[in-house]
Structure formats: C-alpha cells, structure tokens
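Read through the structure below, which is laid out as structure tokens, and then see the notes.
Any read-out appearing in this document is the output of simple, stated calculations on the displayed coordinates, not a laboratory observation. If you're wondering where the values come from, they're calculated on a predicted model, not measured in any experiment. Quick reminder, even Gly has a Cβ in these numbers, built from the backbone with ideal geometry, and neighbours come from all protein chains shown.
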Ligand code: SER
C-alpha cells in the first residue's frame, strides 16, 4: 500500500479540522498538508502555516482539481452538518454529509489514493441501542438526519473497501471538547460553551437537563485517535468506517460541578430545548475494545484533567482578548 505523503483536509476551518490540520502539518510537514475551507475565513495560524484552498466537498470538479493540482494521496473529510443544524435542514445535511462523502470516495477510487478518512459519530445510535457501554456491533437506528447520514457514511466506507479496495477509515466521535475553534450546530456543543461562559460571564444556561449523560472526548485525544487510526497498517484492521471510541462520560451537572471546583461562583441553570430529545437518543458510554485491539486506542484525558486544561487555555485566550462570545 502506498504511503501517506500529501494530505487534503476538507472542512479544515471547523472545530476538529483546524486543530487536526496543525497536528498533521507537524507530523507530515507543513507543505504536505493542504487545508480546504468552504466559507469561513481560516485563522491566521491555519492560513499562514501551510497551503490553504477553497473547496466545497459537494463540488466534485473542484475536489478533483484540488487533488490533481496538489498531488494529494490522502483525503480527510471533516466537512459535515451536525445534528442540531441537520434537524433544521435535513436535505442540506444529507447533501453535504452523504453526497460530499461519495465525492470523496469516488475521487479516491479514480485517483487511486492511499487513504480516505471520514469521521462517524455516536449519532449513528438511537433510542433502541443499549445505552451503557454501547457495543461496537449493535442496533443502528438513529432518529436524526445527521445520524442517518453517518450510518450511510459508515456503510459507504465499508462498501468502497470491499468493492473497490479503497482504504476508507472512520471513527465514531463522541462529543468533542476543545479550546481553539467552537463547534457549530451540534447537540454536544453545551459541553464546550459551558467553559467559555464560565470564563467570560460566570454563568451558563444549559440547553439539556442536568442529568443528561453523554460520551465526550478532549481534543488532544481526538487528534491522537484520528492520527493513530490513519497510521494503523491496513492488514491489522477488521473494521473500517465505524470504530467506537470512548474517553469519558459525565452528566451536565457533573461537568458544572467540576468547573465549580476552579470557579466557585459559577452558576448554571438548565433550559432544555429541542436538542434534549437528540441527546436522549444517544448512548451514555461506549465500548471501544475493537479500537483498542485493532490499533491500540487509549485515551489520556478524564473529566478532571480536561477541565483543568480547558480553563487554563481559555483563561489565557481571554487575557489576550481572543474570546468574544460562545454562540447560543
Ligand atoms: N458532536 C456531534 C453533535 O452533537 C455528535 O457527533 O452533533
């Protein structure tokens, strides 16, 4: 199998893409990692640290041209419409998440690329899935369009592996918590917003109930998981597009209590909205033994360590005048 030498990160301006691109530039060389955005301006750090192009994943011609022009051998497709936004515009969610993925897989097949990575999500699960320690192989009957697109994406990745020999890989990210780029339009966004509001305002109105428990992961672990899966030998993988990965699980109240250990006056109130139903349809914790066995997955951050690091990073950004509100 050919090596990974020239990587295109589609969706590079988003929450995960922006930090993953920087980590990939560190490992594979700045000039070898091309960041692609669709609309949002990249941060100066992202823009100035390596090649940046505009490329909408639903635009097949543009994707083809970008791969050819930059001699790309690996595509990481981080472009997606998340669960909450997806419920407001299901058709667009399907177009970006599914048509975008098929474009990526077709480009990989036609150009004989080394690898494609497209994340999946805990959103593939639904109300009938076992909630605790959710198995790798289980009921996939999601109730959101986002979940429907991610189940489809997993099946497509596995289909392209089997039918065309494309090396397509993916992991079921839990809610990702990070201090650099805000997430947008997801149900797990409260677990990020709460930190920004704690630092900026000392209070937060949470859009899910306090007893809502979901699987979460800190960004350094998310980057490690993604890069470790990329680097795993193809022969050692029994799964491809659908690895469960877990790190920590906590309720919204437990997260608030952990932040209060550092900011005793922090106040949280709970006003559940339509996202509660989405959260209630997802698991609380994840069995990730397949990822551990097949490519050595092991998370480093728990709730306490993540909270300490998040607050330290956001305080520093706040002092530099970089925070300016945290969305809804
Ligand atoms: N963070 C995503 C969402 O909430 C789940 O993958 O939509």
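Observations
- Beta bridges by DSSP in the chain, antiparallel share as percent, to the nearest 5: 10 percent
- Panel order for 157, 206, by other beta carbons found within 10 Å of each beta carbon, from fewest to most: 206, 157.
- The angle separating the long axis of helix 190-200 from the principal Cα axis of greatest extent in the chain is about 60 degrees.
- Relative to the longest principal axis of the Cα atoms of the chain, the long axis of helix 303-319 makes an angle of roughly 90 degrees.
- Residue 302 versus residue 141: modelled label distance in nm, points set 7 Å from Cα along the beta carbon direction: 3.6 nm
- Per residue, the chain reaches -12000 deg cm²/dmol at 222 nm when only DSSP H runs of four or more residues are counted, each adding -39500 (n - 2.57).
- Dividing the mean sequence gap of close Cα pairs (under 8 Å, 6+ apart) by how many residues the range 75-175 holds gives a relative contact order of 35 percent.
- For the chain, the relative contact order is 18 percent, taking Cα pairs closer than 8 Å that sit 6 or more residues apart in sequence and dividing their mean separation by the residue count.
- Using C-alpha pairs below 8 Å separated by at least 6 residues, the relative contact order for the range 1-98 is 32 percent.
- Share antiparallel - DSSP beta bridges, the range 154-285, percent rounded to 5: 30 percent
- Residue with peak Gaussian network fluctuation, the chain [Cα springs, cutoff 10 Å], from 49, 236, 284: 236
- Projected label points at residue 251 and residue 40, each 7 Å from Cα along the beta carbon direction, are separated by 3.1 nanometres.
- Distance (nanometres) between label positions extended 7 Å along Cα→Cβ at residue 112 and residue 234: 1.2 nm
- The chain: most fluctuating residue of 84, 108, 231 per GNM, C-alpha cutoff 10 Å: 231
- Full-stretch length increase - residue 315, residue 88 - with 0.36 nm per residue and alpha-carbon distance subtracted: 78.4 nm
- If you wrap the Cα atoms of the chain in a convex hull and average its projected area over all directions, you get 15.0 nm².
- Coordinate range of the alpha-carbon atoms in the range 59-160 per principal axis, descending: 45, 29, 17 Å.
- Fewest-first sequence of 323, 117, 82, 155 by Cβ atoms within 10 Å of each Cβ: 155, 323, 82, 117
- Of all the options 222, 55, 118, the one that moves most in a Gaussian network model of the chain with Cα springs shorter than 10 angstrom is 55.
- Rounded to the nearest 10 degrees, the angle from helix 100-110 to the longest Cα principal axis of the chain is 30 degrees.
- 18, 43, 83 arranged by Cβ crowding within 10 Å, fewest neighbours leading: 43, 18, 83
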